[in-house]
Amino acid sequence: MPQIERRLPPMWSFIQNQLLGMKWLNELIGKLLRVCGFDILTRTGGSVQFFLYDVLKITALLCFLILLISYIQSYFPPERNKKILGRFRGIGANCIAALLGTVTPFCSCSSIPLFIGFTSAGLPLGVTFSFLISSPMVDLGSLILLMSIFGAKVAIVYVLLGLVTAVIGGTLIEKLHMEQYVEDFIKSASAVDIDSPTLTRKERLIYAKDQMLFTFNKVLPYILIGVGIGAIIHNWIPESWIQMVLGSNNPFGVVLATFVGVPMYADIFGTIPVAEALLEKGAQLGTILSFMMAVTTLSLPSIIMLRKAVKPKLLGLFIGICTIGIVFVGYLINAFQFVLI
């Protein structure tokens with residue numbers, strides 16, 4: 001995006017645009033498509049270029065990041081996370097839980113079993129909810145991928161605000177003493193304390209490779225769907241429509257984007273190409289990030305799974321806290337968008 005490139009030092013511009021953004025790949029795909037007879041200046045040709053470029057770029061970054069994060073995650077199995085969290089009290093425990101969420105699974109549905117395990121083990125409810133909010137919303141992979149699209153400032157602000165939302169949300173739930181609204185089978189479950197085996201470096205690499213293949217196969221459909229939607233938005237939907245619905249002229253754009261994101265199910269890797277296309281069409285940055293947070297944190301499948309573990313009052317409180325936090329973050333980022341990009 002030109003407005004970002006002009007403000008970047010030459011070295012960081014190269015890192016963001018050529019290493020993370022892989023603009024060279026986009027140019028290469030454009031040349032190959034022209035050789036094959038495609039006119040990339042048309043809607044169809046532009047859509048094909050957008051689709052191939054984003055799929056290949058996200059796949060390359062995703063596989064590398066999952067491999068790296070899974071290697072790090074091998075040092076933080078559930079038993080070790082539980083022991084780490086058990087050493088802290090108060091808001092410090094919520095902060096640690098939110099940070100641990102950044103090195104755990106990539107979507108809310110795979111975070112909920114860990115949440116149930118932590119709750120069964122007797123960890124404070126607010127601490128486990130800080131983990132549950134942070135895990136799908138913020139991870140190390142999202143930081144790098146967001147940097148490749150929106151730049152370092154936007155990525156860091158997104159991650160920091162996501163962590164703050166997780167800490168505040170968990171703290172509020174803790175202060176309201178909602179333990180009675182956890183389902184009885186969770187409270188009565190006996191936690192098995194298993195010491196994690198010491199893995200060799202080779203075993204950790206094998207684990208990381210297996211996790212990469214498993215996670216990639218799991219998220220690939222959402223990447224393809226997300227990139228497909230992004231290609232349609234990028235080349236077929238008029239810019240004036242996006243600006244009218246999600247631009248600065250609509251004061252309810254953040255709220256609309258949040259509620260539109262809730263019924264969807266994807267992780268952050270599937271939402272990034274949609275977000276990229278929306279930004280290029282004139283949607284406000286905070287509105288886009290609210291959409292991404294809602295999709296990754298409040299998807300219907302994860303809410304249905306969570307309902308099995310908690311009673312409606314606690315589930316409603318969780319949804320309400322997350323929704324208010326996401327909407328607040330959206331309006332806050334919109335207010336300072338001129339500083340970020």
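Just so it is clear, none of the values below were taken in a lab; they were calculated from the coordinates. In this text the structure is predicted, and so the values were computed from the model without any measurement. Here the Cβ is made from the backbone with ideal geometry for all residues, glycine too, and neighbour counts use every protein chain on show.
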Open item on the list: Take the residue pairs Lys57/Lys311; Lys57/Lys209; Lys83/Lys308; Lys153/Lys202; Lys57/Lys153 and return only those whose Cα atoms are more than 31 Å apart.
Closed with: Lys57/Lys311; Lys153/Lys202
TODO: Using the Kirkwood radius over Cα pairs, work out the Stokes-Einstein diffusion coefficient for the chain at 25 °C and 0.890 mPa s, in µm²/s as a whole number.
DONE: 118 µm²/s
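With a Förster radius of 30 Å, plug the Cβ-Cβ distance of Leu220 and Ser13 into 1/(1 + (r/R0)^6) and report the FRET value to the nearest 0.05. Kindly include the intermediate steps, with their values, before the conclusion.
Details: r = 31 Å, r/R0 = 1.02.
Efficiency, rounded to the nearest 0.05: 0.45.
Over the stretch 121-186, what portion of Cα pair distances is larger than 17 Å, expressed as a whole percent? Intermediate values should be presented prior to the final figure.
On the way: 1045 of 2145 pairs.
Of all Cα-Cα pairs in the stretch 121-186, 49 percent lie more than 17 Å apart.
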